[in-house]
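For reference, the structure discussed in these notes is given below.
The values are calculated or read from the model by the stated rules, or taken from the named source; none is laboratory data. Source: prediction; values computed, not measured. Positions of Cβ are generated from backbone atoms using ideal geometry, with glycine treated the same way; all protein chains shown enter the neighbour counts.
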Amino acid sequence: MNESQRAIESVVLETLRRGDRTSIVVAGTSMEPWIRQGDRVWLEPLARGELSFRVGDVVLIADDRIRQLHRIIGIDGAGFVVKGDACDGGALRVAPSLVLGRATSLERRGRSVPFRRLAGRVIAACSPYSRFYHRPLMLVVRFYRRATF
């Protein structure tokens, strides 16, 4: 990561910590095909002490090592179990204090697409089985990539 990227990341994290809405441009592929590289994702900050997360929510996780968008696929007393939609590997367990914001919508090709909780919960329920369907699904997505929403 270069200095310019670090500065932008710092501003985004500080904006969320201050309690303001902000957006990021997705740089990775861990959330494909639902969230694609180059999409602008809008994030709402969390109210102090807010724990009203649901399975299916897409959240921004940040600590000293990582900054990433992942979907909550499980909730337990110790925190959240999160996973990228495209990740074949295991899920991560994170403490609520590492969650800085919840994704509310994305912009792709000039169109705004709100995240719907029901769709997120369905994707989260399928997430543990992504190793079986991800590659075929990505072939279909690449074939229809030119299509709009």
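At a glance:
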{"quantity": "Residue satisfying condition, being outside any helix (DSSP H, G or I), at pLDDT below 85 and farther than 29 Å from Asp20 by Cβ, within set Ala125, Ala147, Ala47", "calculated": "Ala147"}
{"quantity": "The listed residue being at pLDDT below 85, surrounded by 10 or more Cβ atoms within 10 Å (Cβ to Cβ) and closer than 18 Å to Thr15 by Cα, out of Arg117, Arg67, Arg135, Arg54", "calculated": "Arg67"}
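Matching residues to (1) within 20 Å of Arg6 (Cβ to Cβ); (2) in a strand (DSSP E or B); (3) touching a residue at least 60 places away in the same chain (Cβ under 8 Å):
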residue: Thr29; (1), (2), (3): no, no, no
residue: Arg36; (1), (2), (3): no, no, yes
residue: Ser52; (1), (2), (3): no, no, no
residue: Val81; (1), (2), (3): no, yes, no
